Structure formats: C-alpha cells, structure tokens
1. Taking a quarter of the surface of the Cα convex hull of region 98-292, what do you get in nm²?
2. Work out the FRET efficiency for Ala257 and Thr317 from their Cβ-Cβ distance, taking R0 = 45 Å, and round it to the nearest 0.05.
3. Need the C-alpha centroid separation for region 275-299 versus region 310-381, integer Å.
4. Mind scanning Lys142/Lys293; Lys89/Lys142; Lys303/Lys370; Lys142/Lys227; Lys89/Lys212 and naming the pairs with a C-alpha gap bigger than 30 Å?
5. Mind checking the full-extension length gain between Asp307 and Asn218? Use 0.36 nm per residue of separation minus the Cα-Cα distance, one decimal, nm.
6. When a/c reaches 1.5 or more, the comparison of a/b and b/c decides; with that in mind, is region 323-368 rounded, prolate or oblate per its Cα gyration tensor?
7. Shape of region 306-399 from its Cα gyration tensor (a ≥ b ≥ c, root eigenvalues): rounded if a/c is under 1.5, otherwise prolate when a/b > b/c, or oblate?
8. Which of the peptides 225-231, 307-313 is most tightly packed, and how do the rest follow, judged by the mean count of other Cβ atoms within 10 Å per residue?
Amino acid sequence: MGGQALLLFPPNLRPLTLILLLICVQYLCEVGGVTVGSTPLSHQLDSATMEAKDNTFMPKISPNSAPEPLIPFLAPSPLAPFFNNSPPKLSGQCTLNFSAVDPLISTTAVDCWASFAPFLANVICCPQLQATLVILIGQSSKESGMLALDSTHGNHCLSDVQQILGSQGASYELQDVCSIQPENLTEGSCPVNDINGLESVVDSSQLLAACKKVDPVNECCSQICQKAILDAATKMASRYGGMASMDITDVLPEHAARVDDCRSIVLRWLSSRLDPLSATEVLRRLSNCNVNKVCPLTFEDTKSVADHCGDIIKNHTACCKSMSNYVSHLQKQSFITNLQALDCASLLGSELEKMNITTNIYSFCHITLKDFSLQVGSQESGCLLPSLPSDATFDPYTGISFTCDLNDNIAAPWPSASQMSSSSCNKTVNMPALPAATSSQTGGYRSDLKLQLHIALVLAFVIVM
C-alpha cells in the first residue's frame, strides 16, 4: 500500500487541490493564536512523559489508567462547496437494495473522501468500504435469499457503488485504492452461495451467538467470533466434496482460498441477521484485528543508513541525518495506527540489524512511533490513528476531520531491546493505553489550528507533485 501508488488522483481533482492550497496559505498567513471551539488543543508533553520516552522500551500504562487525549485534525473550512452533487451514473442492472444501507454509504463516502482516501485507505477507508459491500449483499439477501452475485451483476453493482460514493465526495479510484474487484462480490470457489445452503451446513444459532457482539479489545486475542466464522467456513468449503471433512487445524494451504471465499459468505449471512449499524461495528472490529497486526509501509533499501550507522558510529550527525532522510520517505505514505507503528518499528529495526547496525539507532537519533506515520509541521506533529476502528467526519463548518493522537510520543522500540513479542496479545508486554476523548484536554499551546492547516497544506502539495 505504500509508495507512489497511494498518491495517484484523478485529473479532475487537480483544480480542487490548487484551491485547497490557496485556502491553506491564506489561513496560515492570517491565523495566529486560536482555539477550536471552547476547548484549547495541545500537543504539549509534561516532563514525566518525556522522561518515559527516553528510558522506557514499552510504556508501562495499565489499560485502566487515564490516557492522553486524542486531537482531531481538520481540513480547511468550509469544504461544502467541493461536494460533487452531480447524480451518479447507474447501470440499471444492479438489483441490490441500496436504500437499506443509506447511512453506511454516507459514512463510507466521508471515510474515502477524494483527497484523503489514499492516506486513510489501510486503516479507515478500505475497511469501511469492504464492510459496506458485505452488508449491502447481506441485507439484500433478505429478499433474494442469495449471499453472492454472479460475475456480471458483480461488475454492475460494484460500478454503481463507486458511482454513488463518488457523487457524495468519495474518490472515484476506490477499486484501485482498496484492491476490490467484481469477483469479490461473488461466491468465488465456495460451494455455498445462499442462505438455505449455509443454514443446512452450519449451526447458525451458535454462529450468531458468537458474533452478535464482538469485544473491540479482546476479540483479536480471544478470537471467539473469528473461530466461529472459520469453523463455519471450513464446513461449507467441505460440502459437495469440495474438501475432505477435517479439523480446522488440519486445513491445508491449497484449500485456504476456498475457506476464505466461504468466510466471505459467512460474513454476508451475519450481516443479514444484524441491523446495518450493528453489522458495521462487528465487521470493522473483526477487520481491525488484521489491520493492526501488519505494517502497511513499504521499506526502501537501508544501505544508505548502514553506510553511516554501521559498526561503530564515528559521526553522530551523519548517522542521524541519514536515518532522518530514510524515515522521511516512510512519512509520505499513509496514516497508520499506534499498533501498526510498533510493527513497522520492529520490521525496520530488524532490517537495520541485518545491515550490521548494532546500536539502537531509534534511541540514538530520537526516533518515535509517530515518525513512522504521515508527518506534518514540526517533529511533534506526526499523526497516529487510534488502534480501535474509527471514521472520518464531515461538518459543513469545519470540513473533513479524523482523529489523531498528538500526545503519543512513545520512543520506537529497538528489536534487540527485548526478545519478547510485541504482540498486543502478549500479556507480559505493556501496550499503550487507549487515548481519551479530546474534551479531557485543558491548557497548552494555542497554535494548533495552524498545525491542522499544515496537514491539509502538506497533503495538497503531495497531491500536486
């Protein structure tokens, strides 16, 4: 997902981008000390936090402790004139019930807003789009009984979804941004594609009981719902001789694709048994487990860093400048979550160790977790998205906003500092607490609006280039 592929936008976005640039420049020139609403925003750190940054491998914060607040980043206001209100060009061949998912369509359009979609793709836009497609088919199955489309209707319906979202401000390139194809709306290689077929094979009451409510924190470790879904998908994949009946743990790699296709059918069935908003919550929490355990960034060759930082470091300045230049390429890719940043820090650290870098370069050069996400402004203005599912929001007065944790200044952990896994399911590792609401923040600097505008300004420059 990283690299230049994320920065490709339709040509018709160029005028919008230039307007965005002009607005940002005007605001940056005029805005002085400002507060947003009645709550002053701040990314100031106290001395205790700074001390922890220097001396702690992982922050020792219990899940019940009071965390630092989240700060929302806002695009320049107003954005309402940039809405594309032209009617969508529909195929007339898709029979799915779009009216059943109207609220989800609106949420997805904002989550995948044209200018931000590539930068929010991995964490917000694509998980929400995928959930919307699953729920659209699931809700429509209440009338048709079918949990999959054929390839022809899949092509028409996916095109219609794109047109509807685009007419509400979303990117028209979502199929590329999220790697979604019409085949993703079919049954694939799963031998079961309807409600009756699924319920004849699977204990549907047990499946629904396991997945009706998904714990946003513990599901990724306990996998109560995920195990129930995998059990159901495996049984479905073995129907009609598709696979020999076997225990879940015995599923061979060559059958993984079929089981995965059946898993999609199970998710659509679940979505038909829940209201759309509850289904969205379940699907986003399930997908979040996969989002947080993989670093989405693309790493370039680390030779330049090894040349200046390998073996015994002779020139501190040259080493850290080389490291800073390397990290700067990561900061142009996408926004990532706190937990993804941990994975990315671990991966890069391992690559650097393979290049005979034995010194903890993160500590040596003051690299924090925020340095792995999209950066704007000063060193303290990096953005890490929450590790729990979140959405962008649109307001006609404040524009598009999404939540970032400006206070998560945690030192990036060097892999050799500890041999234990950095997994959030490892109970011996203390993970960062979930950030609190913005309203709990008081006092601090009054230059945050200028910082927020820097985000839109930098994104606009990146898009133009």
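Taken together, the values in this text are just the output of simple stated rules run on the coordinates, not laboratory data. Values in this document were obtained by computation on a predicted structure and should not be read as measured data. Please note: Cβ atoms are built from the backbone with ideal geometry, for glycine as well, and neighbour counts cover all protein chains shown.
1. On the way: hull surface 42.2 nm².
About 10.5 nm², averaged over all directions.
2. In this case the efficiency is close to 0.30.
3. If you average the Cα positions of each part, the centres end up 26 Å apart.
4. On the way: Lys142/Lys293 34 Å; Lys89/Lys142 26 Å; Lys303/Lys370 23 Å; Lys142/Lys227 25 Å; Lys89/Lys212 36 Å.
Cα-Cα > 30 Å for Lys142/Lys293; Lys89/Lys212; rest within.
5. On the way: separation 89, 0.36 × 89 = 32.04 nm, distance 4.31 nm.
The Asp307-Asn218 span can extend by a further 27.7 nm.
6. Numbers: a/c = 1.79, a/b = 1.50, b/c = 1.19.
It comes out prolate by the Cα gyration axes.
7. Details: a/c = 3.45, a/b = 2.14, b/c = 1.61.
It is prolate, given that a/c is not under 1.5 and a/b is the larger ratio.
8. 225-231, 307-313
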